[in-house]
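As C-alpha cells, the structure follows; a few thoughts come after it.
The values are calculated or read from the model by the stated rules, or taken from the named source; none is laboratory data. Fair warning: this is a prediction, and the values are worked out from it, not measured in the lab. We place every Cβ from the backbone using ideal geometry, glycine too, and count neighbours over all the protein chains shown. Remember, those area values only see protein heavy atoms, side chains included, never the ligands or the DNA or RNA. Shrake-Rupley method; radii C 1.70, N 1.55, O 1.52, S 1.80 Å.
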Amino acid sequence: ITIDIFNIRGQIVKTLIKQLHQPGNYGIMWDGTNYYGILVPAGIYFYEMVATDFISVRKLVLLK
C-alpha cells in the first residue's frame, strides 16, 4: 500500500507509507511536514491511497 500527500497544485508533499500490509484496519497520522521535515502551511491537501486493486483520492484540511 502507498499513501501520498499532495498539495492543491498536485505536487507531492510527502509519502506517508509505502510498504506491504496484510488486510485489516490501520491508523496513520501525518505530522504536517514535507519530505525535509519542514512544516507545510495550513490549507487544503489531498491524500491518495493505492493498493493492489484499489485507488482512492480524498481531500483533507490541515489546520494549525
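Residue-by-condition table, conditions (1) within 18 Å of Leu62 (Cβ to Cβ); (2) assigned to a loop (DSSP other than H, G, I, E, B); (3) modelled with pLDDT of 95 or more; (4) over 11 Å from the mean Cα position of the chain (by Cα):
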position	(1), (2), (3), (4)
Arg9	yes, yes, yes, yes
Val13	yes, no, yes, no
Pro23	no, yes, no, yes
Tyr26	no, yes, no, yes
Ile44	yes, no, yes, yes
When residues of the stretch 13-29 are filtered for being open to solvent by less than 100 Å² (accessible area, probe 1.4 Å) and either under 20 Å from Gly43 (Cβ atoms) or among the hydrophobic types (A, V, I, L, M, F, W, C) (or both), how many remain?
6
Just one of (1) open to solvent by less than 60 Å² (accessible area, probe 1.4 Å); (2) in contact with a strand residue (DSSP E or B) (Cβ under 7 Å, 6 or more places away or on another chain) trips up Gly10, so point out which.
(2)
Considering the stretch 38-59 alone, what residues qualify as being open to solvent by less than 50 Å² (accessible area, probe 1.4 Å), out of contact with any Phe, Trp or Tyr (no Cβ under 9 Å at 6 or more places or on another chain) and among the small types (Gly, Ala, Ser)?
Gly43, Ala51
Under 7 Å between Cβ atoms, which residue pairs at least 6 apart in sequence (or on different chains) link something in the stretch 4-28 that is farther than 11 Å from Glu48 by Cα with a partner that is open to solvent by 70 Å² or more (accessible area, probe 1.4 Å) and assigned to a strand (DSSP E or B)?
Ile8/Ile44
